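Peer 1: Sharing a structure, written as structure tokens. Questions coming.
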Amino acid sequence: MSKRQIIAHFFQWRLTDITKELDNVKLAGYNAIQISPMQGCKDDGNEFWKLYQPTHMALVGSKQIGYKKDLIELCSEAKKRNIKVIADVVLRHTAGVNSGELIPHETVDKKLTDNPYFWTNAKNTTNFKDRWSATNLAFGMPMLDYNNWELQDIYIRFLDELKESGCDGFRVDMSKHFALEEEGSVFWTRVFSRYSSLFNYAECLECDKNLLDKYTKFINVITDYYLPTDKSKAIIYIMSHDTEETWGFTKKMKDNDIIREWRNLLNDNKESHVLFYIRSWSDLWKSDAIKEINYTYR
């Protein structure tokens with residue numbers, strides 16, 4: 001298997017539907033897939049953003065994505081084809097009440113809400129360029145105190161369950177909002193050092209090279225504008241669920257543009273891992289054109 005991971009991002013897909021596509025994943029030249037968070041959704045909603053407002057720090061599944069038995073089957077079938085399964089995890093915050101206040105939603109796990117020491121009660125900020133604000137304040141949702149060791153143990157039990165179900169790694173949402181050891185936090189060393197054998201990556205958007213280099217001491221990074229010094233620690237892309245659904249930057253990209261940019265991305269960044277975002281209405285991800293690029297540059 002190639003050292004480079006070519007990841008198919010099955011955003012908001014049901015796990016049972018992904019399992020049916022695994023032969024096509026293999027045929028099209030991908031060697032990993034990324035699935036959506038499985039921590040429960042408030043209101044059982046189908047909106048994509050509700051996947052990023054979890055109700056649990058546990059593998060509870062949801063109507064939208066599927067449940068543990070579906071994950072175990074997906075991972076089992078993926079392993080037969082030498083395809084890694086990367087689970088997206090949301091650890092920094094939970095679902096908030098529908099009014100928008102920084103209060104946990106009523107469906108959030110009582111194991112979390114009943115412990116006042118798990119919560120920061122931080123005020124909102126939009127100053128993500130300031131490191132103290134980014135790692136200590138809130139950004140529209142009730143924030144968990146990721147430095148609390150008892151809470152970290154809950155994280156670990158959740159990640160262990162994903163690993164035991166067959167997952168080969170984790171994508172850690174909003175990672176730039178977790179402080180580094182030099183900033184006074186042991187989160188990355190205490191929680192993620194035990195999963196160093198897996199393929200993990202931290203979401204570090206709008207981070208400069210210096211900050212990325214600090215994160216790559218502990219974990220790979222999925223990044224947008226800049227690359228770390230060690231480019232083999234980077235996961236890069238031309239489209240993501242944010243550029244499509246949150247910000248809409250790539251909504252108007254045509255297939256020919258995507259093919260051209262995908263070829264350039266893989267050719268110009270041979271050391272880095274790459275992620276292909278799959279549009280729900282398009283089969284471009286398994287087209288002959290994308291297959292040819294994947295096999296050429298893997």
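Readers should treat all values here as calculations from the given coordinates under stated rules, not as data from a laboratory. Quick caveat: nothing in here was measured; it's all calculated off a predicted structure. So basically every Cβ, Gly included, is an ideal-geometry build from the backbone, and we count neighbours across all protein chains shown.
Peer 1: Measure nothing but the geometry: give the 0 to 90° angle between the long axis through the Cα atoms of 288-297 and the longest principal axis through the Cα atoms of the chain, rounded to 10°.
Peer 2: Value to nearest ten degrees: 80.
Peer 1: Whats the longest run of the chain with zero GluC sites (Glu not before Pro) that are DSSP loop and have at most 16 other Cβ atoms within 10 Å?
Peer 2: It works out to 107-205.
Peer 1: Related question: So what is the relative contact order of segment 6-297, in percent, for Cα pairs below 8 Å that sit 6 or more residues apart?
Peer 2: Numbers: 540 pairs, mean separation 52.6, N = 292.
Relative contact order, segment 6-297: 18 percent.
Peer 1: Based on the Kirkwood radius over alpha-carbon pairs, what is the Stokes-Einstein translational diffusion coefficient of segment 80-156 at 25 °C with 0.890 mPa s viscosity, in µm²/s?
Peer 2: Diffusion coefficient, whole number: 176 µm²/s.
Peer 1: Next up: For the pair Glu164 and Lys270, what calculated FRET efficiency results from E = 1/(1 + (r/R0)^6), where r is the Cβ-Cβ distance and R0 = 45 Å, to the nearest 0.05?
Peer 2: On the way: r = 34 Å, r/R0 = 0.76.
Calculated transfer efficiency: 0.85.
Peer 1: Same structure, new question: In whole Å, how far is the Cα centre of segment 68-102 from that of segment 249-298?
Peer 2: So the separation of the two Cα centres works out to 24 Å.
Peer 1: Where in segment 62-103 does the amide nitrogen come within less than 20 Å of the point 7 Å from the Cα of Asn121, taken along Cα to Cβ?
Peer 2: Inside the label zone: 93-97, 100-103.
Peer 1: Here's a follow-up. Determine the shape class of segment 156-241: with a ≥ b ≥ c the square roots of the Cα gyration tensor eigenvalues, call it rounded for a/c under 1.5, and otherwise prolate if a/b is greater than b/c, oblate otherwise.
Peer 2: Oblate is the answer for segment 156-241, as a/c is 1.5 or above yet b/c matches or exceeds a/b.
Peer 1: With θ taken as phi - 60° and the coefficients 6.51, -1.76 and 1.60, list the Karplus ³J(HN,Hα) couplings across segment 76-87 in order, rounded to whole Hz; mark glycine and proline as x.
Peer 2: Working through the residues one at a time gives 4, 5, 5, 4, 4, 10, 6, 10, 6, 10, 9, 8 Hz.
Peer 1: Same structure, new question: Tell me what the chain gives for mean residue ellipticity at 222 nm when only DSSP H runs of n ≥ 4 count, each as -39,500 (n - 2.57), the sum divided by the residue total, rounded to 500 deg cm²/dmol.
Peer 2: -8000 deg cm²/dmol
Peer 1: Quick one: which residues, 5+ away or cross-chain, put their amide H under 5 Å from the amide H of Ala202? H built at 1.01 Å from N.
Peer 2: For Ala202, the qualifying residues are Val172, Asn220, Val221, Ile222.
Peer 1: Same structure, new question: Classify segment 1-119 from the C-alpha gyration tensor, please: rounded if a/c falls under 1.5, else prolate or oblate depending on whether a/b exceeds b/c.
Peer 2: Here segment 1-119 falls in the prolate category.
Peer 1: So if each residue of separation counts as 0.36 nm, and I subtract the Cα-Cα distance between Val97 and Asp114, what length gain in nm does that give?
Peer 2: Working: separation 17, 0.36 × 17 = 6.12 nm, distance 1.61 nm.
Between Val97 and Asp114, full extension yields 4.5 nm more.
Peer 1: Can you compute the charge dipole magnitude of the chain about its Cα centre, using +1 on each Lys and Arg Cβ and -1 on each Asp and Glu Cβ, nothing else charged? Give it in debye, rounded to the nearest 20. Please list the in-between numbers first.
Peer 2: Numbers: 41 positive and 43 negative charges, 162 e Å.
Its charge dipole is roughly 780 debye.
Peer 1: With 24 Å as the limit, write out which pairs from Lys84/Lys254; Lys251/Lys286; Lys3/Lys63; Lys42/Lys84; Lys129/Lys209; Lys123/Lys163 have Cα-Cα distances beyond it, or answer none. Spell out each step's value before the answer.
Peer 2: Working: Lys84/Lys254 29 Å; Lys251/Lys286 19 Å; Lys3/Lys63 35 Å; Lys42/Lys84 29 Å; Lys129/Lys209 14 Å; Lys123/Lys163 34 Å.
In this structure, Lys84/Lys254; Lys3/Lys63; Lys42/Lys84; Lys123/Lys163 lie more than 24 Å apart at Cα.
Peer 1: Further question on the same structure: Take the chain, connect every pair of alpha-carbon atoms lying under 10 Å apart with a spring to form a Gaussian network, then pick out the residue of His241, His93, His273 with the largest mean-square fluctuation.
Peer 2: His241
Peer 1: Rounded, prolate or oblate for segment 232-298? Axes are the square roots of the Cα gyration tensor eigenvalues, ordered a ≥ b ≥ c, and the cut-off for rounded is a/c under 1.5.
Peer 2: In terms of gyration-tensor shape, oblate.
Peer 1: Let me ask another. What is the order of Tyr67, Tyr201, Tyr117, fewest Cβ neighbours within 10 Å to most?
Peer 2: Tyr117, Tyr67, Tyr201
Peer 1: Angle check, please: helix 255-268 long axis (alpha carbons) against the longest principal axis of the chain (alpha carbons), in degrees 0 to 90, nearest 10.
Peer 2: So the inclination is approximately 80 degrees.
Peer 1: Now for a different question. Determine the sum of side-chain charges near Leu159: Lys and Arg each +1, Asp and Glu each -1, restricted to other residues whose C-beta is under 15 angstrom from that of Leu159.
Peer 2: Taking every Cβ under 15 Å from that of Leu159, the sum is 0.
Peer 1: Okay, moving on. Taking Cβ-Cβ under 4.7 Å as the only way to count a partner, pick out the unpartnered cysteines of the chain.
Peer 2: That list is Cys41, Cys75, Cys167.
Peer 1: When DSSP beta bridges are limited to those with both residues in the chain, what percentage is antiparallel, rounded to the nearest 5?
Peer 2: Antiparallel bridges: around 15 percent, rounded to the nearest 5.
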